[in-house]
Amino acid sequence: MHVHVHVHARGPARRVTTVPMRRQVKGEAVRRELLPGTSPALLQELHLLTRAGDLNADSLRKLKQVNHLAGLLAPALDDVLSRFGDPVVADCGAGKSYLGFVLYELFLAPAGKGTLLALESREELARAGADRARRLGFDRLRFVTGPIAQAEVPPRLHVVTALHACDTATDDALLLAIRSNADHVAVVPCCQAEVARQLAEAKGAAPVVAPLFEHPWHRREFGSHLTNVVRALALEASGYKVTVTELTGWEHSVKNELILGRKIRGASREAQDKLDALLAATGVRPKLVRALAGEGA
């Protein structure tokens, strides 16, 4: 990848950063960036493709993230579409719902069944998304306005996903999946800040663990990592087989960790014991843990 190198001379030491060069994709090269079954017309409607059919650098980054997650969700969607008459997919913290529209076109539309619920707290985005779904004739793509935790959704969901739902919104998505007994869950967390704050005030952390987050920088990094470890263990304790992997290359997203879960049993005592021991050692109690235990905020 070509980069520009910027040298900053201020301060006691020079700071060097590398800034990726902007990349635009045009002409036939655009086709190579699309998943089979994705129409350029949809991506133009989503303003990911320009009127001329090109991809600018920002749109390419967004599209790569959506395409990678759609590809990784393919087995889950194929599974629920084959086993259920009208499976329900929930896209949490949907935003403009790039992911939701792509999933609908690639999977639900060809299957002729299934409902996709796009959960979005910002009313203007939900309204614009609903208008777009009507224009496209995506009649089983529906927008639900409001926070994830208060969303009016069916008691049974089959697939729950969240792409970069910020901080504890990812916990809300995971809680929704667990409580609705979702068969599959996939989240790409973003901006994990809650646990870092708890670590700053942690009094009960084990002495051997405390140095891991003594410095603010380490606290942010360790807090982010610990947040996702807790999430993975909470899913395992709730009966999910969990895979943690990379979503895309780092050049496309800094927030790049993907947590995939497939429901395989009722619960796991072993995973719960691991989770309890980790929480005791670090002195934190994140939102997902509190909610699953029925504790208040």
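Observations on the structure shown:
- Here the chain was treated as a single set of alpha-carbon atoms; its pair distances binned every 5 Å from 0 give 1, 5, 11, 14, 16, 16, 12, 10, 7, 5, 2, 1, 0, 0 percent.
- Heavy-atom surface of the chain, accessible at 1.4 Å and reported per residue (Å²): 51
- Using R0 = 30 Å, the C-beta based FRET efficiency linking residue 57 and residue 243 works out to 0.50.
- Value of relative contact order over the stretch 25-147, rounded to a whole percent, pairs C-alpha under 8 Å and six or more apart: 20
- Here the sum of -39500 (n - 2.57) over DSSP H runs of 4 or more residues, divided by the residues of the chain, equals -12500 deg cm²/dmol at 222 nm, to the nearest 500.
- Evaluated over the chain, the count of Lys pairs having alpha-carbon atoms less than 26 Å apart is 24 (only pairs 8 or more residues apart or interchain).
- The stretch 76-162: relative contact order as a whole-number percent, Cα under 8 Å and 6+ apart: 37
- Here the gap between residue 156 and residue 128, fully extended at 0.36 nm per residue and compared with their Cα-Cα distance, gives a gain of 7.4 nm.
- Solvent-accessible area, 1.4 Å probe, carbon plus sulfur percent, for the stretch 105-238: 54
- For peptides 75-88, 102-115, 195-208, sequence by mean Cβ density within 10 Å, most packed first: 102-115, 75-88, 195-208
- In this rough spin-label picture, where each label sits 7 Å from Cα along the Cβ direction, the residue 201-residue 273 distance is 3.2 nm.
- The stretch 48-184, Rg to Rh (Cα coordinates; Rh as Kirkwood inverse mean 1/r): 0.95
- For the stretch 98-175, the fraction of alpha-carbon pairs lying more than 13 Å apart is 68 percent, rounded to a whole number.
- Extension gain (nm, one decimal) between residue 45 and residue 209, 0.36 nm per residue minus Cα-Cα: 54.0 nm
- Mean separation of Cα contacts under 8 Å (6+ apart) over length of the chain, as relative contact order %: 13
- Between the stretch 254-283 and the stretch 95-143, the Cα center-to-center distance that results, in Å: 31
The values are calculated or read from the model by the stated rules, or taken from the named source; none is laboratory data. Quick caveat, the model's predicted, so the values are computed rather than measured. As a convention, Cβ positions derive from the backbone with ideal geometry for all residues, glycine included, and neighbour counts pool all protein chains shown. Remember, those area values only see protein heavy atoms, side chains included, never the ligands or the DNA or RNA. Shrake-Rupley method; radii C 1.70, N 1.55, O 1.52, S 1.80 Å.
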